[in-house]
Structure formats: C-alpha cells, structure tokens
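Report on the following structure.
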Amino acid sequence: MKEKRVNIAIDGPSGVGKTVMANMIAKKFNYKFLSSGNFYRIIAYNALKNNIDLTNEALINEAWKFEDIKILDDDSILFKNEDITKKIREDKISRSASIIAKFPLIRQKINKFIQEYAKKFRGVIIDGRDATYRILPEADVKFFLYANPEVRAKRRVNQDKEMGIESNYEEVLKSIKIRDYEDMNRAVDPLKVSEGSVMIDTSNMTVQENFEAMYKIILKELE
Ligand code: DC
C-alpha cells in the first residue's frame, strides 16, 4: 500500500517559529518545506538592490521572474546566481517585505508558483500569513502558531546570533510590533486564525514541546 502523505499549512506572526517547526516536520516525515515569506523577502531584496520605489507595485513585479530563484537541497537560496540566504534575513529586508506584501499582483504571482509546486508533490509544508486560507486552502492539516511579541523578539535575536547577524532586542521588538500590525490590518490577505486551523500558543513552550504538539495532530491525520 502507498504511504499516506498530507499537505500542511502553517500561519502565524513574524518570528513565531514557523520555519523551525516546518523544518522539523519536514525532516521527520521526509516532506518538502517551502516558506512563502522567503519569496516576499527575495522580491524586496531585489527591489532595494535596484533602487525601485517600494510603492511601485508594477515595477517591483516586473523586476523578477521565477527562473531567477533557485532553492538548493541544503535550503540555501540563490537569486540571479547570488547566494542571498543570509541577506534576506536582515531587518531592513523584513520591513521592506512587509510593505510589498500588501500588493495583490505580487501575492498572486507568488501564490501561483507555490500552488503549482504543491500540486506536483504531496507531503508539502507551506508557511506564511495566508497559507491556510489562500495559498493552500485544501491543506489536510492547518496550524496557527502564536507567541507574544517579547518572546518572539528574544527568539529572533538568538536566531540572528546563530546566523552571525548582530541585532538589538529593542529594535527587533519594535519592528515585530510594527510588522504584526501591518500583517493583521492590511486589506489583502491579512494574518488571521482561519477556519479549521488549530491554534497553538507557543509563548511558554520549548521548541520540542511545540514540535510534539504539532506532531500529534499530524499523526492523527495520517491514521
Ligand atoms: O514569514 P516571514 O517573516 O519570512 O515573511 C516576510 C514578510 O512577508 C512578512 O512581513 C509577511 C509577508 N508574508 C505575507 O504577507 N504572506 C505570506 N504568505 C508570507 C509572508
């Protein structure tokens, strides 16, 4: 009998640990993880690099194509053959990504790519803000991860340190609060707990506890 595989969508605010969880789940089940936020970051990086006005949706969208992006097996990201894996984590890029993520044309182009990818494979994990209700509404398991802003800022600073990026707690916290507001209050595909999503508050959970909470729910779906 063929092994049952499920598609998983994870939404939640910036810095809540979606990527860490998605990577752990991907490893455990041998699934493929695609972070939709990375696409917003890549496009923001390209716009900044080319001095494109961040309010000009058409110009930003014309300045990139899917063939420019390569995701290697070790998850490093190449854009026009440049390794930008670390660069797109910088706070400047996070802020710009949040601005351009409001544009419907950019969202449509990114979603189309991810949906086609998910159709080809089964056993795909997608994370984002609208993964559970816009990118992959038919996902078998849907999660909404939450943690308060202070906890998230602390985690992000530690994560940056591990990646060799220096960051300041107060600045990161401020930036997280701004991004939360932007992500939840925008007109197009705002961050929300969608119908059918399991909400997990991870504020007081260790990484392992968070993973186990999700793992149990996925196992139930695989029964
Ligand atoms: O998850 P992240 O921090 O890498 O996302 C970067 C930005 O992109 C963030 O401000 C929210 C936005 N985003 C979005 O609007 N929709 C998604 N599906 C994923 C990310």
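The values are calculated or read from the model by the stated rules, or taken from the named source; none is laboratory data. Computed from a predicted model, the values in this text were never measured in an experiment. Here the Cβ positions follow ideal geometry from the backbone for every residue, glycine too, while neighbour counts run over all protein chains shown.
Does Glu182 meet the test of being within 16 Å of the ligand (Cβ to nearest atom), surrounded by 13 or more Cβ atoms within 10 Å (Cβ to Cβ) and closer than 24 Å to Tyr40 by Cβ? Taking the combined requirement at face value, the residue satisfies it.
Among the residues of this structure, Arg156 does not count as one that is in a helix (DSSP H, G or I), within 11 Å of the ligand (Cβ to nearest atom) and surrounded by fewer than 17 Cβ atoms within 10 Å (Cβ to Cβ).
Exactly one residue out of Ile106, Ile88 is within 21 Å of Gly15 (Cα to Cα), in contact (Cβ under 8 Å) with a residue 24 or more places away in the chain, among the aliphatic types (A, V, I, L, M) and in contact with a helix residue (DSSP H, G or I) (Cβ under 9 Å, 6 or more places away or on another chain), and it is Ile88. Looking across the stretch 61-105 at every residue that is over 26 Å from Lys174 (Cα atoms) and of a type in the set (Val, Ile, Thr), the one that is surrounded by the fewest Cβ atoms within 10 Å (Cβ to Cβ) is identified as Ile71. Is it fair to say Ala58 is surrounded by 15 or more Cβ atoms within 10 Å (Cβ to Cβ) and either among the β-branched types (Val, Ile, Thr) or in a helix (DSSP H, G or I) (or both)? Considered against the rule, which asks whether it is surrounded by 15 or more Cβ atoms within 10 Å (Cβ to Cβ) and either among the β-branched types (Val, Ile, Thr) or in a helix (DSSP H, G or I) (or both), Ala58 comes out as no. Of the residues making up the stretch 107-128, those that are at pLDDT 90 or above and more than 9 Å from the ligand (Cβ to nearest atom) number 7.
Of the residues in the stretch 159-176, how many are under 17 Å from the mean Cα position of the chain (by Cα) and either away from the ligand (no atom under 12 Å from the Cβ) or of a type in the set (A, V, I, L, M) (or both)?
The initial filter retains those residues of the stretch 159-176 that are under 17 Å from the mean Cα position of the chain (by Cα), namely 159-160, 175-176.
Narrowing further to those that are either away from the ligand (no atom under 12 Å from the Cβ) or of a type in the set (A, V, I, L, M) (or both): 160, 176.
Count: 2.
Out of everything in the stretch 113-150 that is part of a helix (DSSP H, G or I) and out of contact with any helix residue (DSSP H, G or I) (no Cβ under 9 Å at 6 or more places or on another chain), what residue ends up being surrounded by the most Cβ atoms within 10 Å (Cβ to Cβ)? Write out each step before concluding.
Our first condition is that a residue be part of a helix (DSSP H, G or I); within the stretch 113-150, this holds for 113-120, 131-135, 149-150.
From what is left, the residues that are out of contact with any helix residue (DSSP H, G or I) (no Cβ under 9 Å at 6 or more places or on another chain) are 116-117, 119-120, 132-133.
Working: Glu116: 10, Tyr117: 14, Lys119: 10, Lys120: 9, Thr132: 28, Tyr133: 19.
The residue in question is Thr132.
When you go through Phe66, Phe144, Phe113 one by one, which is the residue that is in contact with a strand residue (DSSP E or B) (Cβ under 7 Å, 6 or more places away or on another chain), in contact (Cβ under 8 Å) with a residue 12 or more places away in the chain and of a type in the set (Phe, Trp, Tyr)? Exactly one of Phe66, Phe144, Phe113 is in contact with a strand residue (DSSP E or B) (Cβ under 7 Å, 6 or more places away or on another chain), in contact (Cβ under 8 Å) with a residue 12 or more places away in the chain and of a type in the set (Phe, Trp, Tyr), namely Phe144. Tally up the residues in the stretch 39-55 that are under 17 Å from Arg107 (Cα atoms) and either under 21 Å from the mean Cα position of the chain (by Cα) or surrounded by 15 or more Cβ atoms within 10 Å (Cβ to Cβ) (or both), please. Residues flagged as under 17 Å from Arg107 (Cα atoms) and either under 21 Å from the mean Cα position of the chain (by Cα) or surrounded by 15 or more Cβ atoms within 10 Å (Cβ to Cβ) (or both) within the stretch 39-55 amount to 10.
If the requirement is being polar (S, T, N, Q), closer than 19 Å to Lys70 by Cβ and either touching a residue at least 60 places away in the same chain (Cβ under 8 Å) or more than 13 Å from the ligand (Cβ to nearest atom) (or both), which of these qualifies: Ser14, Ser36? Spell out the reasoning first.
Details: Ser14 fails: closer than 19 Å to Lys70 by Cβ.
Just a single option satisfies the conditions, and that option is Ser36.
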